[in-house]
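Let me begin by presenting the structure, written as structure tokens, before commenting on it.
The values are calculated or read from the model by the stated rules, or taken from the named source; none is laboratory data. Remember, it's a predicted structure, so these values are computed and weren't measured experimentally. Positions of Cβ are backbone-derived with ideal geometry, glycine not excepted, and every protein chain shown enters the neighbour counts. To get the accessible areas, we keep the full protein, side chains included, count just its heavy atoms, and leave off ligands, DNA and RNA. Shrake-Rupley method; radii C 1.70, N 1.55, O 1.52, S 1.80 Å.
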Amino acid sequence: MKRQEGEPVAAAVVPLPSTESREILSQLFAEHHRRVLVAAYRITGSMVDAEDVAQGVFLRLAGTGSASVTNARSYLYRAAINGALDLLRRRKAAPTEPLEGAAGVASTLVWSSPERGASSRELGGWLRAAMSELAPRAAEMFALRYLEGLGNREIAVLMGTSQAVVAVTLHQTRSKLKKRLREFERETQ
């Protein structure tokens with residue numbers, strides 16, 4: 001249908017959350033934004049990507065209604081990890097953010113040489129690519145254990161499974177990642 005000049009354009013009506021919902025969402029954002037951002041950054045290696053993931057997490061929360069989430073801390077944390085892993089899967093390889101773009105994120109390689117830093121960035125890129133090929137649940141468990149430093153018991157509680165399942169999954173995931181990292185190494189030689 002052709003629009004005539006001067007004819008009003010229909011606007012999409014987006015319902016705004018109630019004042020109470022906005023306050024809850026603001027409080028959740030203030031309490032959890034940094035943790036969501038850091039979790040996404042550890043997986044993506046890019047502050048820009050981490051910010052996109054964090055924004056998506058909080059937008060989804062606003063759309064679903066923050067009052068309907070029973071454990072916001074767990075929900076937001078897992079959503080950040082899953083969002084970052086989804087981003088990696090879509091790209092298959094996320095480039096690493098230059099140090100200048102990651103202001104405010106503490107470097108774990110303060111005493112390392114430039115060669116070690118370059119090698120570490122290359123290994124990080126390979127690891128991100130390999131993680132993007134894992135099953136979502138295995139990738140999430142691996143990220144929680146080795147990127148976020150959670151123990152098997154915490155992961156089991158967070159993911160609603162047993163410690164034995166976490167241990168077996170992590171063992172299988174480490175084996176797959178080692179194999180894939182060896183393949184990456186052979187491909188680049």
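When restricted to residues that are at pLDDT 90 or above, over 21 Å from the mean Cα position of the chain (by Cα) and of a type outside the set (Gly, Ala, Ser), the stretch 154-178 contains 5.
Counting residues in the stretch 144-152 that are at pLDDT 90 or above, over 18 Å from the mean Cα position of the chain (by Cα) and part of a helix (DSSP H, G or I) gives one or more. Of all residues in the stretch 169-176, one or more are open to solvent by 40 Å² or more (accessible area, probe 1.4 Å), among the hydroxyl-bearing types (Ser, Thr, Tyr) and farther than 15 Å from LEU85 by Cβ. The set of residues from the stretch 139-168 being open to solvent by 20 Å² or more (accessible area, probe 1.4 Å), in contact (Cβ under 8 Å) with a residue 40 or more places away in the chain and acidic (Asp, Glu) comprises just one member, GLU148. Just one residue in the set SER18, SER46 is open to solvent by 50 Å² or more (accessible area, probe 1.4 Å) and at pLDDT below 90; that residue is SER18. Among the residues of the stretch 119-136, just one is under 13 Å from the mean Cα position of the chain (by Cα) and surrounded by fewer than 17 Cβ atoms within 10 Å (Cβ to Cβ), namely PRO136.
Residue pairs, Cβ under 7 Å, 6 or more apart or interchain, first in the stretch 127-138 and touching a residue at least 60 places away in the same chain (Cβ under 8 Å), second surrounded by 14 or more Cβ atoms within 10 Å (Cβ to Cβ). List them. Qualifying pairs under 7 Å: ARG128/GLY45; ARG128/LEU88; ARG128/ALA94; MET131/LEU85; MET131/LEU88; MET131/ALA139; MET131/PHE142.
Name the residue, out of ARG73, ARG116, that is at pLDDT 75 or above, surrounded by 10 or more Cβ atoms within 10 Å (Cβ to Cβ) and outside any loop (DSSP other than H, G, I, E, B).
Numbers: ARG116 fails: at pLDDT 75 or above.
Matching residue, one of ARG73, ARG116: ARG73.
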